[in-house]
Structures are given as structure tokens and as C-alpha cells.
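Participant: Have a look at this one.
The values are calculated or read from the model by the stated rules, or taken from the named source; none is laboratory data. This structure is a prediction, so every number in the text was calculated from the model and none was measured. Cβ atoms come from the backbone with ideal geometry, glycine included; neighbour counts cover every protein chain shown. Please note that ligands, DNA and RNA were not included when accessible areas were found on the heavy atoms of the full protein model with its side chains. Shrake-Rupley method; radii C 1.70, N 1.55, O 1.52, S 1.80 Å.
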Amino acid sequence: DRTCQWVSMHVFRCDFIGSKENCPLTCGVCGVTLSPSSSPTKIPTSSPTVAPTNNPTTAPTKSPTKLPTSAPTKAPTASPTEAPTTTISPTICQDSTGTFDVIKNNSAGTIIEGRTCQWVGMYVFRCDFSGAKENCPLTCGECGVTSSPSSSSTKMPKAIPTAAPTELPIDNPTKVPTSSPTAAPTESPTISPTKLLTSTPTAAPTRSPTDSPTEAPTTTISPTICQDSTGTFDVIKNNSAGTIIEGRTCQWVSMHVFRCDFIGSKENCPLTCGVCGVTLSPSSSPTKIPTSSPTVAPTNNPTTAPTKSPTKLPTSAPTKAPTASPTEAPTTTISPT
């Protein structure tokens, strides 16, 4: 059950079937017929017609209108008005402080009653509900916003940014850079280098050197310290079932070398597993400085030259062929264990 007060909250409710019949004063249809009468009425109506007449009146009105006309008259009036026109104060854009009903923009047109502007401001899409922008123009950013773009730029900037970026850049760039970087890189580099150094080096070197050296040297990046994790972690066994073992430590991993092959061991225990500075794939050329620890697995091919000193332990099997030349010094005698 609705009331005329409920109908007066939104103009579009007068279009509901039953509103104009029960609330003619609210909807401004007092004395208005659904179709034009065949002859003019003897007594003027209490309220103006909903739509303007096709032809203007033959004589000017005795008193000035409360609101200016939407368009100027084609010719000036024969005599000045009896009183000066009233000055219209500018409308203050503010949200409604009370409750109101909104209609969801779905196929059913669901009506949600007793809403506030605080409720509308919780989600941006609620501004699209019928009745939200009318009651909450400040929350929905409709203060002074027209439905179509203006033909010329405004003299004063808007209080809120536009919903979408402009198609063309502005004539004068901003004096202050944006607080966050752009989502995508620019198509071409900047004309001049930046005055400040970047916090991190670029991923790839530049194609050509800069026109002038930087004002200050680049910062030195400290080398990463290779150390084992001091906490517990989970590892996955490299079997067909992929068994997960929870709550392990680097001390547990060090008890058996094969545990370094479990997924999660080398990542948490690089020092124990001897992978500090070791890449997962072999390098294209040999390193200039030897590694601090030996490789986890032996090389596929033997070295081209013999070692300078004998190995601490004998090989597991004798060599297939004798060496081409004798060693420079006799081998040391290893006492049996």
C-alpha cells in the first residue's frame, strides 16, 4: 500500500498506473485531461498544463514568470515588465539526509526501500539504480555533470576526475608527476633523461648511451647472503606419489644427501645442499672463479687436464687405460680405514 507522499519522492512514480488517479495534485494533473478538449474551458485550470501550448499567448502576462524561459523570445515585448525579474540563487549540490527508495536496473525492476546515501556510496554500481543519483548527486559525482561533453573546456577544473581517460593529451602537461606509475609502458622513450635516479636498475641495457652522465653514481647493490632457513618447512619426496613431509629443518636435510633432491630442500637449505650461487642449468661458458662448494652431481665428461694434486680418496673403480705420462710427484699413501 503506497501513499501520495511516497509518490512525491520521485517524479517517475507518477508514471505508475494508479498514481495520477490517486495523487493528481502531487503529479500536477489537476484539471488535465488525457486528451485535449474540443473547446477551451470557461474557467482557467488551477495548475499549468503538463506540456506547452503549440502557439504563444496573444497578450503578455501581467506579472513576470518565476523561472526564465528555456529559450529567448524572437521579438522583444511591447512594454517593460511591471517588476524586475527575481534573481535565482545557484543550486547547492548536496546529498539527501533522509531515506529513499531505489529501483535496481534488472529485468524485474526490483524496488529497494528505505535506502540512504551512505548505503549507495558503499558500491559504485548502486549509483546506476533509479533514484540513487537524484538523491545522492554528491556521492555519485553528478554535481554539475552533464550527460554529454561540453563543446569547450571549462575554466575551472572539476572536483573529481573523469571516469575514462581523454582521447587526446592536454596542451600543457602537469607540473607535478603522478603518484603512481602508468599501467603500461609508453610507446616511445622520454625526450630527456629524468633528474632523479631510478630505485632499481633496468631489466635490459639501453640501446644508446645517455647524452650526459648522471649527476650521481648509481647505487651499489649488496650481494645476497646465502644462508639456510632457521625455521621449519615442508618438502615433497621425488617419488610417484609425491609424498609431502611436513615440519622439516635444514639439520634434518643434512643427515642424508639425497634429501636435497626433495622439492623445497634446496630452496630452504641452499648452504646445506651446496647450491649457493649455483644455477639450475649449466652456464654457456666456464666461470672465472671456482665455486665455493663442489657440484651436487658429477660432470658428464672427464676434465681435459689432470688435477694438480692427488684426490683425497681413491676412485671407486680403476681407470680403463694408463695415463699417457707419469705424474710429477709420487702419490701419497692412504692408510686403510
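Participant: Which of the residues that make up segment 116-142 are under 17 Å from His10 (Cα atoms), in a helix (DSSP H, G or I) and without any contact (Cβ under 8 Å) to a residue 24 or more places away in the chain?
Facilitator: Hits for segment 116-142 are Cys117, Val120, Cys127, Asp128, Lys133.
Participant: Right, something else. Pairs needed: first member in segment 93-105, within 13 Å of Val120 (Cβ to Cβ); second member anywhere, open to solvent by 30 Å² or more (accessible area, probe 1.4 Å) and of a type in the set (D, E, K, R); C-beta distance under 7 Å; at least 6 residues apart or different chains.
Facilitator: If the second residue must be open to solvent by 30 Å² or more (accessible area, probe 1.4 Å) and of a type in the set (D, E, K, R), the pairs left are Thr99/Arg115; Phe100/Arg115; Asp101/Glu113; Asp101/Arg115; Val102/Arg115.
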